[in-house]
1. When you scan the stretch 190-213, how many residues do you find that are touching a Leu at 6+ places or on another chain (Cβ under 8 Å) and assigned to a loop (DSSP other than H, G, I, E, B)?
2. Given the structure, is residue 232 in a helix (DSSP H, G or I) and touching a His at 6+ places or on another chain (Cβ under 6 Å)?
3. Which condition number does residue 157 fail, the rest of (1) at pLDDT below 90; (2) small (Gly, Ala, Ser); (3) surrounded by 14 or more Cβ atoms within 10 Å (Cβ to Cβ) being met?
4. Pick from the stretch 160-179 the residues that are in a helix (DSSP H, G or I), in contact (Cβ under 8 Å) with a residue 12 or more places away in the chain and of a type outside the set (Val, Ile, Thr): which of them is surrounded by the most Cβ atoms within 10 Å (Cβ to Cβ)?
5. Which is of a type in the set (S, T, N, Q), over 26 Å from residue 52 (Cα atoms) and either modelled with pLDDT of 90 or more or assigned to a loop (DSSP other than H, G, I, E, B) (or both), of 140, 126?
Amino acid sequence: MVLLTFNIVNIDSETQKGFQISNDERLEITDANTKSVLRILDIHEVKASFFIEISIIEKLKNLIKAISAQGHEIAFYNKDSSASQIEVTKKITEEFLEKQIKGIRQKEFKIDENDLKMMGFNYISNIDHADILFPFKRLNRNSEITEENGISIVPESISPYSQLPYNDFVFQALPMKYYQNMVFETLKNDDFVLVYLDVWQFTDVKKYNFKVPFHRSFNCGKKMEDKLEAFLVWINEKEMATSRMKDYIF
């Protein structure tokens, strides 16, 4: 099973000297990038899970409704929000979507599992920091979903062969043929592969004059759209099963 997920977070890179970009413009870029992803998913009839950064949910209501209307899962991405902020936003989001928010993803800033369970979350999908050296720092990980205090803990996937994690950086950097082989081989060993991408990766960083390190700007923008398209074509050709996270876990 391939669990395809996207983190909707505004690009926070600085701009080149002499250029400025407002928070509203960053939000517009996020909106446009997400719509490009939705278009590609729709063409290939693949459903995914979208983890929206909590602080921008109120400003993206129409986009979130569109994501949900296309049959994708809405979940939360906690960048640095407090437990009280998460709880309030969860109630507001569930009211305007008329659906329960079951999942949350965290990275550096993590809320206690018991608190998340009390808020009504059913699963946690924590991820780690990814940079150019990160894939080589961890060589072992349990790839099984566990349950702690009544909440499911979904680990990041890692290839048992190459030892590379299935994070946003690896998808962006690896040749697609190698990445496809990695997924194919991993599914022979594990029940699922959890893939996550950031919607900021679909930004034309040169167009907006963002200062992004070369290893992170490589294959950004249209090239990321092409890679995602190639990946979904391959998934369908191989008749691989895909699922939203909440459906797979429950």
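1. Number satisfying all stated conditions: 1.
2. Criteria met by residue 232.
3. Going through (1) at pLDDT below 90; (2) small (Gly, Ala, Ser); (3) surrounded by 14 or more Cβ atoms within 10 Å (Cβ to Cβ) one by one, residue 157 breaks only (1).
4. 179
5. After ruling out the rest, the residue left standing is 140.
Let's see how each residue does on (1) crowded, with 21+ Cβ neighbours inside 10 Å; (2) charged (D, E, K, R); (3) closer than 24 Å to residue 78 by Cβ:
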| site | (1), (2), (3) |
| --- | --- |
| 12 | no, yes, yes |
| 15 | no, no, no |
| 49 | yes, no, yes |
| 52 | yes, no, yes |
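The values are calculated or read from the model by the stated rules, or taken from the named source; none is laboratory data. All values reported here derive from a predicted model rather than from experimental measurement. So basically every Cβ, Gly included, is an ideal-geometry build from the backbone, and we count neighbours across all protein chains shown.
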